[in-house]
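The values are calculated or read from the model by the stated rules, or taken from the named source; none is laboratory data. Since the model is a prediction, treat every value here as computed from it, not as a measurement. Cβ coordinates were reconstructed from backbone atoms using ideal geometry, including for glycine residues, and neighbour counts include every protein chain displayed. Note: accessible area is taken over every heavy atom of the protein model, side chains too, but ligands, DNA and RNA are not part of it. Shrake-Rupley method; radii C 1.70, N 1.55, O 1.52, S 1.80 Å.
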Amino acid sequence: MTGDLPVPRALAPVLDSLTPEQRRAAMALGYVLVLAGAGTGKTKTLTAGVATRVELHGMVPGQILCVTFTNKAAQEMRKRIGDVLGPYSVPTWLGTFHALAARQLRAEPEVAQLRSGFDIRDAEDSLAIVRRLIRTVPKEKLPVPQEGAPGDARQIKKMAERIARLKEDLITPVAAFAHVESLIGRRQSANLHVDHESWRFVVGLYGRYQAILREQNAADFGDLLMWPTLAMLHDAEYHRRWSARFTAVMADEFQDVNRAQYLWLTLLGRTSGELFCVGDDSQSIL
């Protein structure tokens, strides 16, 4: 049991600063989910969890993955861990979901049918591609939106958001038609409104959008997570290779993960059986 192990001197300050509940959580191994309210020390507990794994269990920092949502939060996490363990013991796989998934995809870009040195398109770039594609369609052939006019800025933004949503749900262009028809059918069966013309238009738009990215040897933010996650789901050797890299997977703000992020985390933590997540379910954006 972890509680029976002698606590190294370097670890005592960080553990002594925790409440008994935080200390138990930080020292727990296996699958650990810490739920607590805002300002209750969740990130401090995660920092202590990293320190415990390095100082008490001898895990190599370069084999611990720590992920959060923003660059600012990642910098704060890096500073906190460095203050406890020293700058040379901060996990090298520490960053945002997009940054770490991009690093994974750059190692083996062929899983996304990309080549080495591919470019990354941000949200504004993605919107510009969607705008360009929609403007090639005569307005009378565009679906009539619930608000605004066909081809206006609101419709373009909505179309881009729906492509991003499909990627968050791990739906590729090839699978998009069946997925959207199922979505429409479920909502109609439940007597719920669904703008089926717009969704069906998105299916074709998605395929053309993805073709442009491939021609440019580029990935958007959704691709960074979708393709490595799908590869881990469907290619056992790829999954084994990546999951075996990490002795622990640590995640902050777990309440906000989408489907792609959730599966990416759990698949990477499968071999080690070490998945430590902190979050506040009352603040969930899902």
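At a glance:
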quantity: Solvent exposure ordering (accessible area, 1.4 Å, most first) of D119, D152, D220, D83; calculated: D83, D119, D152, D220
quantity: Rg [Å, one decimal], Dmax [Å, integer] - the stretch 161-267, C-alpha atoms; calculated: 16.0, 48
quantity: The stretch 150-286 - accessible surface per residue (Å², probe 1.4 Å); calculated: 44 Å²
quantity: Cα Rg over Rh - the stretch 97-201, Kirkwood; calculated: 1.02
quantity: Note, ³J(HN,Hα) from phi for the stretch 30-38, Karplus 6.51, -1.76, 1.60, rounded to Hz, x at Gly and Pro; calculated: x, 8, 10, 10, 9, 10, 7, x, 4
quantity: For the chain, with +1 on Lys and Arg beta carbons and -1 on Asp and Glu, the positive-most of Q255, F276, F69 along the dipole; calculated: F69
quantity: S282 - accessible surface, heavy atoms, 1.4 Å probe, Å² rounded to 10; calculated: 100 Å²
quantity: Accessible surface of the chain [probe 1.4 Å, protein heavy atoms]: carbon and sulfur percent; calculated: 53 percent
quantity: Förster radius 35 Å - calculated FRET efficiency between A128 and E197, Cβ distance, rounded to 0.05; calculated: 0.90
quantity: Residues in the stretch 150-178 that a label on R135 would reach, taking backbone N under 15 Å of a point 7 Å out along Cα→Cβ; calculated: 151-157
quantity: Cα centre as origin, Lys/Arg/Asp/Glu Cβ charges: the chain dipole, Debye; calculated: 360 debye
quantity: Lys, Arg +1 and Asp, Glu -1 on Cβ, resulting dipole of the stretch 12-155 about Cα centre, debye, nearest 20; calculated: 120 debye
quantity: Förster radius 45 Å - calculated FRET efficiency between A99 and V144, Cβ distance, rounded to 0.05; calculated: 0.70
quantity: Cleavage-rule hits, trypsin sites (Lys or Arg not before Pro), the stretch 196-241, DSSP coil, Cβ neighbours within 10 Å at most 16; calculated: none
quantity: Cα convex hull of the stretch 43-95 - mean projected area over all directions, nm²; calculated: 3.0 nm²
quantity: Summed side-chain charge close to K157 - residues other than K157 whose Cβ falls under 13 Å, Lys, Arg +1, Asp, Glu -1; calculated: +1
quantity: Under the Karplus curve 6.51 cos²θ - 1.76 cosθ + 1.60, θ = phi - 60°, whole-Hz ³J(HN,Hα) for the stretch 42-53, x wherever Gly or Pro sits; calculated: 5, 5, 4, 5, 5, 4, 5, x, 5, 4, 4, 5
quantity: Computed helical MRE - 222 nm, the chain, DSSP H runs ≥ 4 contributing -39500 (n - 2.57), nearest 500; calculated: -16500 deg cm²/dmol
quantity: Read-out Kirkwood radius over Cα pairs in Å, derived from the coordinates shown; its label in [x] 25.7; [y] 20.8; [z] 20.2; calculated: [y]
quantity: Per-residue SASA entry for R259, accessible area with 1.4 Å probe, Å² rounded to 10; calculated: 120 Å²
quantity: Debye log10 I(q)/I(0) for the stretch 95-146, one point scatterer per Cα, at q = 0.14, 0.17, 0.24 Å⁻¹; calculated: -0.58, -0.71, -0.94
quantity: Of A26, I81, G117, farthest towards positive along the dipole that unit charges on Lys, Arg, Asp, Glu beta carbons give the chain; calculated: G117
quantity: The stretch 1-158: Lys pairs at Cα distance under 20 angstrom, eight or more positions apart or on different chains; calculated: 8
